[in-house]
Structure formats: C-alpha cells, structure tokens
Amino acid sequence: MTSTVTDFGEYLRSLTDDAARIAHVERLPAREAQFAELSPPLPPEVRQALADQGIDRLYIHQVAAIERLRAGDNIVVVTSTASGKTLCYNLPVLERLLDDPEAKAFYLFPTKALAQDQLRGLRRFGESAPRIKDVLACGTYDGDTPATTRRRLRNDANIILTNPDMLHQGVLPYHSRWARFFSDLRYVVVDEIHSYRGIFGSHVANVLRRLRRICDHYGARPQFICCSATIANPVELAERLIGLPVVAVDRDGSPRGPKTFLLWNPPHIDLARMERRSSHEEAKELLVALMRKHVQTIAFTKTRVAAELLFRYTQESLERRSPKLAHALRPYRAGYLPEERREIERQLFSGELMGVTSTNALELGIDVGSLDASIIVGYPGTIASTWQQAGRAGRGAEEALAVLVAYNDPIDQYLMRHPQYFFGRSPENAVVDPENAYVLASHLRCAAFELPLKVDDERYFGELTSSIAHILQDVGHVQRIDGDWYWASTDYPAAQVNLRTSSDDTFTIMDASDKNRVIGVVDAISAPELVYPGGIYLHQGDTYFVRDLDLEARAAYVEPQVVDYYTQAILDAHIRAGEAEQQRDWRGWRICHGPATVTWATTAFKKIKFYSLDSIGYGKLDLPPQHLDTVSTWLIPDAATIAEVRGHGRKFVEGLVGIRNVLVHVLPLFAMCDRTDLGGLVDSSNTGTPTIFLYDRYPGGLGFAEKGFAMVEEMMRACLALIRECECEQGCPSCVGLPVTQPPQHWDPDTSGGYPMPDKEAALVILHRLLGEEPYVPQRPQSSAGPSRASDDVPDEAVTRKIAERARKAGKRRRIGIPPPGEKASSGE
C-alpha cells in the first residue's frame, strides 16, 4: 500500500457527502499474542520445520488443541480468522506420523479450492525436514484428480485432503478398496464447520455418520478435529455433525492488527426518503477509490449477478480513470470452470490483482494473500458470515478496513440505526437437522449400499432409522434378510444425492457461437430463474443472450451479444397447507405448524438498464412450474384485528404483506440460516382469511419455520421495532418492503422499483394491537382511493367455512420420508 488504511478512512470522512454516508465507525484495537509451552515438546523435526516458517512459539489455543488430542478427546477449535487453526491439526497429525508411519488421516474441507490451498501448506513441512518428507504422503482426492493419481493416493497416501462430496460419492461407496486406509485411520479433520449449516450441514452430518459406521466396520476409532469461525454454539454444532462428544478450544491466543469497521448507508435520493442510491453503485465508488490508492480489496456480494455487475461497473470506471488498474480486477463466483477459479486465486495471492468482486465463494479461508480491505455489499444474513467476510482483510498484524454497505431493506437499515446490535452481540446459532426425514432417507439408501443396515445403526442415524428402513423396503430399495436390510437395487444411490443443493441435476451453460463451448454450470432449481429464453446471462462481465433452455437435455444455449441491459426473473408462487401438527392460540391469533406444498414458476422477466436501473421492458415466459413439499408455520389473524384495521379505512391484507416481508428477514436472526433457505407468502385460500406462511425451502423442512413457531413473540416484536423506527412516512423497502408478487429472496433492492409499497400504517395498526401496545392511529389516508370493503381482503363467513373445511381435508395426505417411486423431490421458490 502507498497509503495506510487509516489514511483512507480519514479521507472518506473528510468528504462532506461521504461523511453523511458513514452511519457508524467501530475501532477494533490490536491484540497482543499469547503463547504457551507444550510439554512434552513436539518432535525436533516438527520444531525445525516450524522455525523454517518463522514460527518459534505456539499460541495458547494451538497448545491446548494438541494437549486435548494427546488426551484422546475430539475437539472443536473456535478462534478468529487467520489465527493459525491449521497448525491445531497439522502438528498433532505430523507428530503421530513420525511415531507411527502407518497412521492415516482424512482432511475434509467444504471446497476443493480450500483443500488445494491447505495441501500447499502441508507440503511446506516436508520441504525443510527430510524425515517428515520421508513419512509424509499426501494429496487432494476430488473430482479434478486423475484416475491414476487416485489409485496411488488410495494405496500409498497417509493424509488425504478431500471434501464431503467426494467422501460421500467417491470413497464411502467403495470402502472395500480403502480397507487398509480405514483400518489405520487415526484422525478426521473437519474444517470450517460453520459453513455446514442448514441443508448442506444436514447432509454432511449424515456423511460423517456413515464414515463412523465404516470406521467401526474396520475396527478404527479416529479422533475428530473440527475447526470453526466464531458462532454461538460451536460445541453443539460439532456434536450434531459427528454424533460424538467434543471439547471446545476457544481461548484465542493469536495477535490481531487494528481494524476500522465502517457501516456505510447510501443516501436517500427522494424527498419522501423512500429510495436510496444503489448499494452496488456505492460499492463501485468505494472499490475504485481503494484500488486507485493501491489498497488491495475484496468486495463481497450476495448473488452471482451482483458480483458480475459490480465487476463490470468498476472495470468501466477504472478504464476511464486509471486504465492500468482495469485489468487488475476480476470477478469470482460459483458457476465458473475450475481452471478459471484457480487462476483468479493465484493472481490474487501473487498480488497481480488489486481487487476482486466475489460471492461468498471466497468467504472461507483460502489463502489469497494479505488483503487490506473488505467491502461487504448487503448484510450477508448472519453476524458470523459478516465477520468471516470482514476477516478476509487484515491478515497478521497489519491494519485493515472493513465496510458494510447497506441495502435498503429492513435488516440492513436496522443495523445502520442500531450498530450495537451487530458489534455488541455474539454470533448466531448454527442449525442442522440430520434427522430430517428426506435427508436421512437419502443417506440410509447410501448406507445400505455400503453395508447392510442393522437395527442398532440407530446409534449413528437416530431413532427414525428402522422406520425409514421399512419404507425403503416397501418401495423395493432394500430387502430384509435375518433382521438386516440389504441393498436390493441396481441403482448407485450416492450419485442421486447432491449435498450442495436439493436439486440433483445441473444445467450446462454453453456458448452456441463457439462450437457449444462450456462456459459454466447452474443447478436445475436455479436454471429457470437465471438462464431463461430471452434473458441475459452475465459471465466475466460480458453479456450473453439466452437462445434456448433445453429442459430435456439439461442445457442452456447462450451467445455473446452486446446490450445495455440485464434481466431479472419474475416469479409467481402459491402455497397449500396440510393438517397442522402443532398449533396454539397466541394473543387471539392461531399459530400452526405442519406440512405444506409450495408451487412456483418463472412467468416473466424484466429488462433493467445498466447504471440507470430503469425498467425498459418485460418478456413473458411459459416454463413448467416446480413443486416443493415442505413444512410451514402459518399465522391466522383474529376477526377483531381485521375489523380494527378496516375501521381505519385500511386494507388488512396490505398491512399483513408488509409484516410478512419483515418476518422473512427477521427469522434468520433467530435461526442461523441463509435468507434463501426461507420463503414466505400471504395466502387466503387455505384458511379463508389472509394468512402469513413462513416455510423452509427444502423437502421436509430443516427446522427454520419451526423456530418461527416457537419464537413468534420475539419475531413480531422485532418486526414492530423495524417498521416503527424507519424514517419513511408511507412505507419503503427498508421497512415493509415490496408486495408478495415479487418474492423477496429474488428481490434486489437496487433493481426492484415500480411496485407499490405495502401499507406501513396498516402494519403498525396490526402489530400494536397484537403485541398489546397503545392503539396506533394512522396519520394519513391510504394511498388507494376509498375505504376498504370486506370483499377487498376477507371472504364472507360462509366462504370461510367452506375453504377451511376443504383445506382440512386436503391436509390429510400421506407424509413419508422419501418421495414415492417415480416422483422427484424438488426445491426452490
């Protein structure tokens, strides 16, 4: 850097208009290192290898981890980013190998890139210590590993670095080929466990249970070494993942350089104070300014499209103002080919790049060098993820800058007004549900393929094991012989279970103008929302026109076309509730939880002009709908609340939509999950009155909506605080949001103009009555003409009774843990 991060922060605050954007400045002081001595010390070869890397003392958490492992415990190490967690497992594994060269270890990382990065660090030990080099045989075993290398690693390696996906599909089903490795397995490292939450984490938990079952079969009892960023429940999460007790190592002894953390709020651009300047435009200006001052910066975005747009806007600005820097910026996201991602990582690590725009694909601990600044565009959804992204800047003792650029939506604006919520609160709980019936059924099929299922396998998979095994028997997947269930199909079940998404299919994106060259991939659920005919696909900042989406061949055909706009999908969704499995009265309302089926389809797309964000047209689509059998929590209002809202001349449903919009942002604060793991609708067809539905976006559910059922009081009070404290008068994206016709998980606050706002004052009337507050009296008339009538939003009593009875009958449907034969479970909205 030619100027310090502190200098740049002062530069921002010196500008009058920029100073108004800075909602809060948090100074994080430097922290001194804390060391400890290990007794007995590490082998001399390991100490020499550490010294060659400039390490002559160990931090207190590194010593504690080694001591716990020597005592035979399973551990979870919970310390800050760049605190040296890698040594917490490399050192005890190397110590064991020097004592017993036949010992083996599995290292599991959530991404292939992280495994490759950690392999380089592991090999550095062998470069300076000949004896370590002699005993160390390691390599990455993933989808990019050639077949000949796989065989060599399987036969000769003592440390295999891989990911849960390859363990699931490429190792456990062929465990007989790995018999020697499993027999000598002593350690299993599970890194970045905070990333194993929600759907992905529930799958990984079952993969690890299958791993333990295979290890038991070969007489091995490996110790588990888990590592995590800071979350509220690391021990609980680790124990849920591996199914064994663990001990926490959480006293962080690593040093930390000073960091300045800015909360950056784009200014209002209208007198009504409803709209703000584009968050991505603000981030672009910040990124350009940082790069021009030679501050190496990473900018995180929430979506693939946003990463591409931010790259395009920043590069075009740099070409006008600092042409040499225009080529020192790259985008990075899922969907790129592996060789593209590895090259970007190499350029960032070597310093060839001064900036990168990325999705959370670079949130994990890939070593991309010492970055100086991190820009986070839009609150990532959890405090833990925010700190993880901010932690990518400021490696070692160097000072760093982190900037959270707010969206104009409820949670972001709440953080701008209440910085103490973020800086004064511990991160959230990570939620996984290994016993989810859909997830568990998939992995019991895989387990039966690997070894016959036994009744006592409940010690690995839980009390539903026998029940689901009987269902698998009924549909012909297994047969029972002498009390055990044997695999009875020619299918290879692991190939049908994708850990990363509920869709087992992917679409290939091909450039039709270049001999159908593959330029990317997208999962089947997202394909109708990203590569629909007539849409624009963004790749490396270039625009591609989508010619065709072949649903049969699972392929999208695009071709380069220079246009001045991009497109955004418009979805239509509705929900049908089953019979409530839990229900209770709450403040006069009825709260229910149970099965539900969501149906949605991409019905049109909007063309949005670059920079101006003007809508310049629409296109209609006729794509088949998708269905999701899941679980939902629904909130049925009482007649008195409806009557009070109507008495003020407001439409009840418009207030309820505003509350629903806030709830789908609030719920992730109580159950650590991605915003896209949740859906929400306001629907009248199930209960005969407008009803809020919150549902999990995964077959069978994963416990998020159920968390809402348990914490409805806390959620509603958070909704009231968010709406009441907003500065707007009539409602805006930062409080009551947009109407239900535009599903919020596909809503970009920068591009979603043109839709009428829900009624903020109607929402306040509802919440004040519901929570026992002093009655709220609307301050201005509703924007729509005339008072609402009963027919506007509430059916008459006879219609209500008929619809409710029909819904009850429809709810008495079969629910099993796996889809019926020939029926495929899907997810999305």
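Screening Gln473, Gln479, Gln420 for residues that are touching a strand residue (DSSP E or B) at 6+ places or on another chain (Cβ under 8 Å) and free of Cβ contacts under 8 Å to residues at least 12 places away in the same chain leaves exactly one candidate, Gln479.
Results for (1) open to solvent by 10 Å² or more (accessible area, probe 1.4 Å); (2) within 30 Å of Leu444 (Cβ to Cβ); (3) modelled with pLDDT under 95, shown as yes or no for each residue.
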{"residue": "Ala129", "(1), (2), (3)": "no, no, yes"}
{"residue": "Thr140", "(1), (2), (3)": "yes, yes, no"}
{"residue": "Gly143", "(1), (2), (3)": "yes, yes, yes"}
{"residue": "Ala147", "(1), (2), (3)": "yes, yes, yes"}
{"residue": "Ile160", "(1), (2), (3)": "no, yes, no"}
{"residue": "Pro164", "(1), (2), (3)": "no, yes, no"}
{"residue": "His168", "(1), (2), (3)": "no, yes, no"}
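Scanning the stretch 499-540 for residues that are under 28 Å from Ala205 (Cα atoms), touching a helix residue (DSSP H, G or I) at 6+ places or on another chain (Cβ under 8 Å), of a type outside the set (Lys, Arg) and open to solvent by 40 Å² or more (accessible area, probe 1.4 Å) yields a count of 1.
In summary, Ala448 fulfils each of the numbered conditions (1) small (Gly, Ala, Ser); (2) open to solvent by 40 Å² or more (accessible area, probe 1.4 Å); (3) at pLDDT 85 or above with the single exception of condition (2). Residues in the stretch 557-573 that are within 19 Å of Pro331 (Cβ to Cβ) and of a type in the set (A, V, I, L, M, F, W, C): Val558, Val562, Val563. On the basis of being open to solvent by 50 Å² or more (accessible area, probe 1.4 Å) and more than 15 Å from Ala402 (Cα to Cα), does Glu308 make the cut? It is false that Glu308 is open to solvent by 50 Å² or more (accessible area, probe 1.4 Å) and more than 15 Å from Ala402 (Cα to Cα).
The residue of the stretch 594-642 that is nearest to the chain's Cα centre (by Cα), among those that are open to solvent by 40 Å² or more (accessible area, probe 1.4 Å) and of a type in the set (A, V, I, L, M, F, W, C), is Leu613.
Considering each of Asp56, Asp7 in turn, give the residue that is at pLDDT below 95, assigned to a loop (DSSP other than H, G, I, E, B) and either loosely packed, with under 13 Cβ neighbours inside 10 Å or not β-branched (Val, Ile, Thr) (or both). Before the answer, list the steps.
Details: Asp7 fails: assigned to a loop (DSSP other than H, G, I, E, B).
Criteria check complete, one pass: Asp56.
Against the numbered list (1) at pLDDT below 95; (2) touching a strand residue (DSSP E or B) at 6+ places or on another chain (Cβ under 6 Å), Asp184 comes up short only at (1).
The numbered conditions (1) surrounded by fewer than 22 Cβ atoms within 10 Å (Cβ to Cβ); (2) at pLDDT 90 or above; (3) assigned to a helix (DSSP H, G or I) are all true for Leu669 except (2).
Val405 - would you say it is within 28 Å of Asp696 (Cβ to Cβ), aliphatic (A, V, I, L, M) and either at pLDDT below 85 or open to solvent by less than 10 Å² (accessible area, probe 1.4 Å) (or both)? So Val405 fails the test. For Ala82, all conditions in the list (1) among the hydrophobic types (A, V, I, L, M, F, W, C); (2) touching a Gly at 6+ places or on another chain (Cβ under 9 Å); (3) open to solvent by 10 Å² or more (accessible area, probe 1.4 Å); (4) part of a helix (DSSP H, G or I) hold save one; what is the number of the exception? With (1) among the hydrophobic types (A, V, I, L, M, F, W, C); (2) touching a Gly at 6+ places or on another chain (Cβ under 9 Å); (3) open to solvent by 10 Å² or more (accessible area, probe 1.4 Å); (4) part of a helix (DSSP H, G or I) applied to Ala82, the lone miss is (4).
With the condition kept exactly as written, say whether any residue in the stretch 536-551 is on the phi > 0 side of the Ramachandran plot, in a loop (DSSP other than H, G, I, E, B) and modelled with pLDDT under 85. For the stretch 536-551, residues on the phi > 0 side of the Ramachandran plot, in a loop (DSSP other than H, G, I, E, B) and modelled with pLDDT under 85: present. Just one of the listed residues (Val682, Val653) is assigned to a helix (DSSP H, G or I), on the phi < 0 side of the Ramachandran plot and either open to solvent by 10 Å² or more (accessible area, probe 1.4 Å) or polar (S, T, N, Q) (or both), and it is Val653.
Cβ separations smaller than 7 Å between residues 6+ apart or across chains give the following pairs from the stretch 396-408 residues that are touching a residue at least 24 places away in the same chain (Cβ under 8 Å) and closer than 29 Å to Tyr59 by Cα to residues that are in a loop (DSSP other than H, G, I, E, B) and open to solvent by less than 10 Å² (accessible area, probe 1.4 Å): Gly396/Gly257; Ala397/Gly257; Glu398/Gly257; Glu399/Gly257; Ala400/Gly257. Quick check: is even one residue across the stretch 25-47 in a helix (DSSP H, G or I), open to solvent by 50 Å² or more (accessible area, probe 1.4 Å) and of a type outside the set (Asp, Glu)? Within the stretch 25-47 (the criterion being in a helix (DSSP H, G or I), open to solvent by 50 Å² or more (accessible area, probe 1.4 Å) and of a type outside the set (Asp, Glu)), the answer is yes, since at least one residue qualifies. For Tyr141, state whether it is within 27 Å of Thr490 (Cα to Cα) and of a type in the set (Phe, Trp, Tyr). Spelling it out, Tyr141 is indeed within 27 Å of Thr490 (Cα to Cα) and of a type in the set (Phe, Trp, Tyr).
Cβ-Cβ distances below 9 Å connect the following pairs, each with a first residue in the stretch 315-332 that is over 22 Å from Phe349 (Cα atoms) and open to solvent by 50 Å² or more (accessible area, probe 1.4 Å), a second residue that is charged (D, E, K, R) and assigned to a helix (DSSP H, G or I), and a separation of six or more residues or different chains: Arg321/Arg292.
If only residues of the stretch 467-496 that are touching a His at 6+ places or on another chain (Cβ under 7 Å) and open to solvent by 10 Å² or more (accessible area, probe 1.4 Å) are counted, the one that is modelled with the lowest pLDDT is Ser489.
Of the strands (runs of 3 or more DSSP E) contained entirely in the stretch 205-305, those carrying at least 3 residues that are open to solvent by less than 10 Å² (accessible area, probe 1.4 Å) fall at 223-228, 259-264, 297-300. It is to be established whether one or more residues within the stretch 414-436 are within 29 Å of Pro234 (Cβ to Cβ) and modelled with pLDDT of 95 or more. Checked against the condition, which is being within 29 Å of Pro234 (Cβ to Cβ) and modelled with pLDDT of 95 or more, the stretch 414-436 yields no hits at all. Determine whether Arg123 is within 27 Å of Pro43 (Cα to Cα) and among the basic types (Lys, Arg). When the stated conditions are applied, Arg123 passes them. Filtering Pro380, Pro419, Pro410, Pro338 for residues that are open to solvent by 10 Å² or more (accessible area, probe 1.4 Å) and touching a His at 6+ places or on another chain (Cβ under 6 Å) leaves a single hit, Pro419. The residue pairs whose first member lies in the stretch 582-603 and is without any contact (Cβ under 8 Å) to a residue 24 or more places away in the chain and in a strand (DSSP E or B), whose second member is open to solvent by less than 10 Å² (accessible area, probe 1.4 Å) and β-branched (Val, Ile, Thr), and whose beta carbons are closer than 6 Å, counting only pairs six or more residues apart or on different chains, are Arg584/Ile591.
The values are calculated or read from the model by the stated rules, or taken from the named source; none is laboratory data. The structure displayed is predicted, hence computed values, not measured ones. Please note: Cβ atoms are built from the backbone with ideal geometry, for glycine as well, and neighbour counts cover all protein chains shown. We work out accessible area using only protein heavy atoms, side chains counted, and drop any ligands, DNA or RNA first. Shrake-Rupley method; radii C 1.70, N 1.55, O 1.52, S 1.80 Å.
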